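I have placed the structure first, in the form of structure tokens, so that the comments after it can refer back to it.
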């Protein structure tokens, strides 16, 4: 299927007094309609930044320095703020981590929904309200006719996140960028929100980019997953392969460090050290100082994503493996 | 195995009433939250009890009650056979405090940013008068830092020079300074990334093995709990609903709430598995449901569950507070 979102060689920089920090480098991926792409990584890996760059909400002085973002074949990274605002909401819906800060506490939920709907769709007030109630119902809010006139503080955390998702869906966007949508929620609520996102992708054909640090959520929700490390994609592939047979030593370490529910281990696999800061990214592969399988080439030359079994990994261990026919 | 910590019918009630004037003008009643409501358990020496539950279930309050940061409204905490309530008010308090320490969730907030690591780790030593000599302090701090996988040279740095996982290790080093027997860990890895979480959990397990530490481990992450604990207590709205050895709890959860929690965890090893849909959410603790607090969400609830509060009943080494389990309906 033709991809809905195409990110090509995206590079994001932050100019500072002490030189330019390269926050994202050479990020390329696609998402097809109906597909959920997970983006995982540890804090500071650049996963939220990738989402922000795509929806045009980079915090200044951050800027896209190179690369392209294409939505349905059309470049959106060069659009001005006004044009981008029209695309956001209409074609791209965004869901953020904290549902309380995404809603205006002074307006009723209904008013916020109706405002968003009327901005993007040619509906009158009554129709928009009708649609708002329908959206709340779709996201699983009980008694939406009554709840629509309540304020955000009258909703619980899980219900608020549903309202935020309803807002993001108001204009039936074709791409949903969800940045840690379940991190602030309890597990039982998290399960409900995940089911909702999956339903949206399957039934409505929305393309979803799901940014999270929780591998469990990724495993349950996504079709493909991108593992990020120090501003680059370390591995990209189908979720099952990346979780069960990761090709990059970092993904392997990451999977091994997660306590599992179905096996007993005395010690967890640990990756010693910590992710480098942006101003001290090592030469060659950014992971080389922590990598158990490091060799000479890793310290000098930076690996690009290359085929590694059924996934793609940015790791010299797989150099040449791509030519082997499978 | 001897019991180190024993908690009997522990209760903590917080007054959350509106201010007096507002209450009088609007004729509002006083309001109380029963954050912890009749919790009893015991932890054997050298073992780990984990308390799990969703936000607002009272697990952190239990942690604070145990180390004496809150006083209980009712009930008692016994440490090594002695009741801690009166002891903490007596001249013996420092002796007791030395034997139990706490590790907090947020390593960014629990270390003084203006102190060097040396002073942070040495504070309990100085406070309890264990070591006064500067040279001896320096040696001991170096030792403690080495125990948690940091270098003695790190002592002269400030907290901001460390990553989250390293800071949490500094907190652990500080907690270990007085050579405590009992550590209360309130979500020690929730603020950390998974690879760093693995480092901290490994250190905690190593220390337990080497020094015979006893842990109360508070967490909302069932996978982490499964990894570190010996026994697990599941809390819901201030009450323990199930208390069981880890293996039993994860292999055969009895309480419907425990089952729901286990079903709800996304697990990386079950790609594509359909989960049991979870219904509803935790009710408002200001106005908890009558009878069993879980009954509005429970698929097995009947009239008795709505009226009568179930007690924790021991059976085959497991304690469950559920009428349906007791009656053999599930």
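The values are calculated or read from the model by the stated rules, or taken from the named source; none is laboratory data. None of these values were measured; they are calculated from a predicted model. Neighbour counts are summed over all protein chains in view; Cβ atoms, including those assigned to glycine, are modelled from backbone coordinates with ideal geometry.
All told, residue B:162 falls short of being within 14 Å of chain A (Cβ to nearest Cβ) and buried (at least 23 other Cβ atoms within 10 Å of the Cβ).
If the condition is being assigned to a helix (DSSP H, G or I), more than 11 Å from every other protein chain (Cβ to nearest Cβ) and touching a helix residue (DSSP H, G or I) at 6+ places or on another chain (Cβ under 7 Å), then the range B:168-203 contributes B:168, B:169, B:170, B:172, B:173, B:174, B:176. Candidates in the range A:284-306 are the residues that are touching a residue at least 40 places away in the same chain (Cβ under 8 Å) and touching a strand residue (DSSP E or B) at 6+ places or on another chain (Cβ under 7 Å); of these, the one that is surrounded by the fewest Cβ atoms within 10 Å (Cβ to Cβ) is A:305.
Pairs meeting the criteria (first residue in the range A:249-272 and more than 7 Å from chain B (Cβ to nearest Cβ) and more than 18 Å from residue A:213 (Cα to Cα), second residue assigned to a helix (DSSP H, G or I) and modelled with pLDDT of 85 or more, beta carbons under 8 Å, at least 6 apart or on different chains) are A:265/B:227; A:266/B:205; A:272/A:290; A:272/B:199.
Of the residues making up the range A:236-249, those that are touching a strand residue (DSSP E or B) at 6+ places or on another chain (Cβ under 7 Å), buried (at least 21 other Cβ atoms within 10 Å of the Cβ) and under 20 Å from residue A:320 (Cβ atoms) are A:236, A:237, A:246, A:247, A:248. Of all residues in the range B:242-259 being part of a helix (DSSP H, G or I) and surrounded by fewer than 22 Cβ atoms within 10 Å (Cβ to Cβ), which is nearest to the other protein chains (Cβ to nearest Cβ)? So, considering only residues that are part of a helix (DSSP H, G or I) and surrounded by fewer than 22 Cβ atoms within 10 Å (Cβ to Cβ), the one nearest to the other protein chains (Cβ to nearest Cβ) is B:250.
Going by what's in this entry, would residue A:233 be described as part of a helix (DSSP H, G or I), buried (at least 21 other Cβ atoms within 10 Å of the Cβ), within 15 Å of the chain's Cα centre (by Cα) and in contact (Cβ under 8 Å) with a residue 12 or more places away in the chain? Criteria not met by residue A:233.
Residues satisfying the criterion are present in the range A:220-227 (criterion: away from every other protein chain (no Cβ under 11 Å), under 25 Å from residue B:192 (Cβ atoms) and not in a helix (DSSP H, G or I)). Here A:160, A:198 are screened, and the one residue that is surrounded by fewer than 20 Cβ atoms within 10 Å (Cβ to Cβ), in contact with a helix residue (DSSP H, G or I) (Cβ under 8 Å, 6 or more places away or on another chain) and under 28 Å from residue A:45 (Cβ atoms) is A:198.
The rows are residues; the columns are (1) touching a strand residue (DSSP E or B) at 6+ places or on another chain (Cβ under 8 Å); (2) farther than 22 Å from residue B:185 by Cβ; (3) at pLDDT below 90.
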{"position": "B:13", "(1), (2), (3)": "yes, yes, no"}
{"position": "B:42", "(1), (2), (3)": "yes, no, no"}
{"position": "B:46", "(1), (2), (3)": "yes, no, no"}
{"position": "B:65", "(1), (2), (3)": "yes, no, no"}
{"position": "B:73", "(1), (2), (3)": "yes, yes, no"}
{"position": "B:98", "(1), (2), (3)": "no, no, no"}
{"position": "B:108", "(1), (2), (3)": "no, no, yes"}
